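What follows is a single structure, written as structure tokens, with notes after it.
The values are calculated or read from the model by the stated rules, or taken from the named source; none is laboratory data. Small disclaimer: the values here were computed from a predicted structure and weren't measured. No Cβ is skipped: glycine too gets one built from the backbone with ideal geometry, and neighbour counts run over all protein chains shown. Side chains included, ligands, DNA and RNA excluded: accessible areas come from the protein's heavy atoms. Shrake-Rupley method; radii C 1.70, N 1.55, O 1.52, S 1.80 Å.
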2 protein chains.
Amino acid sequence: MTTRREQTSQESRELILAAAAELFAQKGYRQTTFADVAERSGISRGSIPWHFGSKEGLLLAVLERSVDLIRSGYAGHLERGAAELDHLMEGVEALLRQPTSKLFVTLLVEALEPDSPIRGRYVQIHDTLREQCRRWLEHLPLPPGVCAEAVAVTIVGAVIGIHQQWLLAPDRIDPEEVLGTLGMLISGALLTVRG
Amino acid sequence: MTTRREQTSQESRELILAAAAELFAQKGYRQTTFADVAERSGISRGSIPWHFGSKEGLLLAVLERSVDLIRSGYAGHLERGAAELDHLMEGVEALLRQPTSKLFVTLLVEALEPDSPIRGRYVQIHDTLREQCRRWLEHLPLPPGVCAEAVAVTIVGAVIGIHQQWLLAPDRIDPEEVLGTLGMLISGALLTVRG
């Protein structure tokens, strides 16, 4: 049973997250202050660290919300396997085009600092992405000797690296074409019946 | 003809770059100062901005030296095409394991800042990597309808993303296994003769 107080706390959390996601995308992560988030969300400034600890904590929560969206949005596709490959790549493209996706890159450098407090949670985000990918691969007839985990690292890696190249050179990289090519490479390597 | 003064300037530049590469890898980019680089290289502190402008300029020059090493080191392999795929992936693994490769990630966030002065040069580094990959692909019989440029973005992307997952979770990601899988996917998708 959820009490009224818990419900309000949950609602405040959501309002803060939605406001922060918008502001990070518009103004950038570094330029956004707790005061900006308070103003946009209508929630008092003091509640933000109460909910999220620090600004990195808030950023991580914004990213985790994105990952939850991936998890729920893809649940259906993942069970349909290979036939849905083109559809899956369209979903990945839509995800990369979300302004908040850029924050994955911003946070990466923080996570790589020695003794970073957010490293463990960032690794969890990568784990979730790889797990989604492995679940999808379970429905494919992988060739003998191919390890699903290594394929998942490769595919998640390709999406990460395509995203970054596109962020840096949006006029030269066409994510639709490149993700289509990734789909074709996966399909050519894993779905071709060998004689 | 190179004058004695030009030669000395070139030598100083090299000594600064070698010292900076070591220090960035040992202490981290943010923690390294011009004074540290001066002490390690034996070149006066004031010469460093004269050669490289800013600390970001120095970092970019360190990275460009890595890219030059890739370019010269791979020139032979790139012309030998498919037969060298395993060998090529071993070379990529050795490159990712170089401590300075982590700096590619550090600099990425700086390059993504709006109006970043280093963005253009970072994009050039990506361009060089893609161009090397395209040159290698020229020796392969690509299936009809497959665009070498899009395949290059995908492969370079996979290497970038595999590198980052490994940096974050070195105990869970085995770069040798994953790069071997990438090689197998490329070979399965592009080198299989279709009936």
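Numerical summary
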| quantity | calculated |
| --- | --- |
| Cα principal axis extents for region B:60-190, largest first, Å | 40, 33, 26 |
| Accessible area of the protein assembly as shown belonging to carbon and sulfur atoms, whole % at 1.4 Å probe | 52 |
| Approximate spin-label separation A:Thr128-A:Arg45, in nm, with each point projected 7 Å along Cα-to-Cβ | 3.0 |
| Percent RCO, i.e. relative contact order, over chain A, from Cα pairs under 8 Å lying at least 6 residues apart | 20 |
| Per residue solvent-accessible surface (Å²) - the protein assembly as shown, probe of 1.4 Å | 47 |
| Volume of the Cα convex hull of the protein assembly as shown, divided per residue and given in Å³ | 167 |
| Space enclosed by the convex hull of the alpha-carbon atoms of region A:1-53, per residue, Å³ | 71 |
| Cα shape, region B:127-195, gyration tensor, a/c 1.5 rule | oblate |
| Heavy-atom accessible area order for A:Cys147, B:Cys133, largest first, 1.4 Å probe | A:Cys147, B:Cys133 |
| Within-14-Å neighbourhood charge of B:Glu22 [Cβ basis; K, R +1; D, E -1] | +1 |
| Chain B, helix-only ellipticity at 222 nm - DSSP H runs n ≥ 4, -39,500 (n - 2.57), divided by all residues, nearest 500 | -24500 deg cm²/dmol |
| Average beta-carbon neighbours from other chains, 10 Å sphere, peptide A:164-173 | 6 |
| Over region A:1-53, relative contact order from alpha-carbon pairs under 8 Å, at least 6 apart, % | 35 |
| Peptide A:113-124, shielding by other chains (average Cβ, 10 Å cutoff) | 2 |
| Spin-label pair B:Ala35/A:Lys27, simplified geometry with 7 Å Cα→Cβ offset, distance in nm | 3.5 |
